[in-house]
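One structure below.
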């Protein structure tokens, strides 16, 4: 039994980014999009007799009095939280507190942080018990790391009682880690390997039941880097169990996740996902340019009609959100116009277009280092017009082209045209509730977009078109109008 301790788990601030949906949160009276799933899971691995408090700085202020009463401060985060994380570490050190840091940010870049007493890196299932045992015996080391990827059979259910669910727009769950692909710019294989490790059916259902039992109803994100990495297990075990559970509970959740484009090749898998309650999936499209796909080893996207693949997923009732990149060595001068045309034609509403960056440890980072083209560390926000290397294309030409893409897809006219195109083709599962469950977002959208925003003309066109022509999708149309408001705010400097 570990000696009784007081521990505070801190999740640093996110900057305003594409996926933060910060400017959309006020429409639904929420503070943040997702809870800190990693810290909630780590909390479940700590000794049961410890007193724990979790502070997500995205929903509440971090006060010194909370830190002063703690024996240990645990901090975790991703690269985009690096500035806030450094500030938190400084505050803790000024108070003389002991800091334990882990998670993707520190696993990739722990050398950039001073003042941390203990780095518990890689996956906590292996390194956290080693630290806890040594700490109990007063012989803890500065760094705990491993090159072993643990199985997930013993990963505990997150400690949901440590957060106020009402402050979030969505809950989260993790089913698998790792990705079978090895894209040059991606750090997932460095962090989690190419072998896809999964939880078993009983774990997944227990986690869903836990979220449900804690009172949550609404969106749940599977945070897997590639949800379909093990298709056979999904189709034979996980999804059938989820379909049955959802029907028993009267479909309390709408699921989102991330998957590779080859999802579109498996009709059975798409139908099972839709029946289970999946209504959105993020797909890394990256680029319509075949030479650039070959360059970054995105082989699963090559030699296929990408627009047709996207349409097949959408036809199954699953919205495709897309990731796009410009700045590859093989990008032609025409890539900017081609990208705009592709996105508009695809009907992808949430199209995250960013400039290529090289995260630490990736194959791209190592190649650019060898070519002496690296400049600095990445910001973690690939939509802030920053790059951490010297591109082949003239930098000013690339930045101007990037701005042209953003203007071409997120200015009010093309954005609302894309929403209309998508809704005209969308066929949702009949049994699933749509996203607008109350009148608050509607009334706020009328004021903030329909009256005071520069997109008001296009807002009202979409409003009346969906109300009279597609009334069943009216709530979804308003949701996407709110998304557009957020995207314009995020890209305001670019636009």
* Relative contact order for region 42-167, counting Cα pairs under 8 Å that sit 6 or more residues apart, in percent -> 24 percent
* With a point put 7 Å past each Cα toward its Cβ, work out how far residue 138 is from residue 267 in nm, to one decimal. => 7.0 nm
* log10 I(q)/I(0), Debye, Cα-only region 150-306, no solvent, q = 0.10, 0.13, 0.14 Å⁻¹? -> -0.39, -0.64, -0.74
* Which semi-axes, in whole Å and largest first, does the equivalent ellipsoid of region 291-390 have when worked out from the alpha carbon gyration tensor as the square roots of 5 times its eigenvalues? -> 27, 15, 13
* To do: Take the Cα pairs of region 169-425, get the Kirkwood Rh, then feed it into Stokes-Einstein at 20 °C and 1.002 mPa s and tell me D in µm²/s.
  => 111 µm²/s
* Asked: So what is the diffusion coefficient of region 66-127 in µm² per second by Stokes-Einstein at 4 °C and 1.567 mPa s, using a Kirkwood Rh over Cα pairs?
  -> 111 µm²/s
* Asked: Mean separation of Cα pairs under 8 Å and 6+ residues apart, divided by the residue count of region 169-425: what relative contact order is that in percent?
  -> 16 percent
* What is the chain's relative contact order, in percent, from Cα pairs under 8 angstrom and six or more apart in sequence? -> 13 percent
* To do: Could you tell me which of rounded, prolate or oblate describes region 95-197, using a ≥ b ≥ c as the square roots of the eigenvalues of the alpha-carbon gyration tensor, with rounded for a/c under 1.5 and, failing that, prolate when a/b is larger than b/c and oblate otherwise?
  => oblate
* **Per-residue [θ]222 nm for the chain (sum of -39500 (n - 2.57) over DSSP H runs n ≥ 4, rounded to 500)** => -12000 deg cm²/dmol
* Percent of Cα-Cα pairs per 5 Å bin, from 0 to the last occupied bin, for region 343-471, please list those. => 2, 9, 13, 15, 15, 12, 10, 9, 8, 6, 2, 0
* Structure fact -> So the angle from the long Cα axis of helix 267-276 to the longest Cα principal axis of the chain, reported in degrees to the nearest 10, equals 70 degrees
* Can you give the % of DSSP beta bridges in the chain that are antiparallel, to the nearest 5? -> 5 percent
* To do: Using only the alpha carbons of the chain, determine the length spanned along each of the three principal axes and report them from longest to shortest in whole angstroms.
  => 67, 57, 48
* Using only Cα atoms, what is the ratio of the radius of gyration of region 1-133 to 2.2 N^0.38 Å? -> 1.04
* Structure fact -> The equivalent-ellipsoid semi-axes of region 440-490, taken as the square roots of five times the Cα gyration tensor eigenvalues and listed largest first in whole Å, are 17, 11, 10
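Read-outs: derived from the displayed coordinates by stated rules, not from any lab. What you are looking at is a predicted structure, and each value in this text was computed from that prediction instead of being measured. Heads up, the Cβs are rebuilt from the backbone with ideal geometry, glycines too, and the neighbour counts pull from every protein chain shown.
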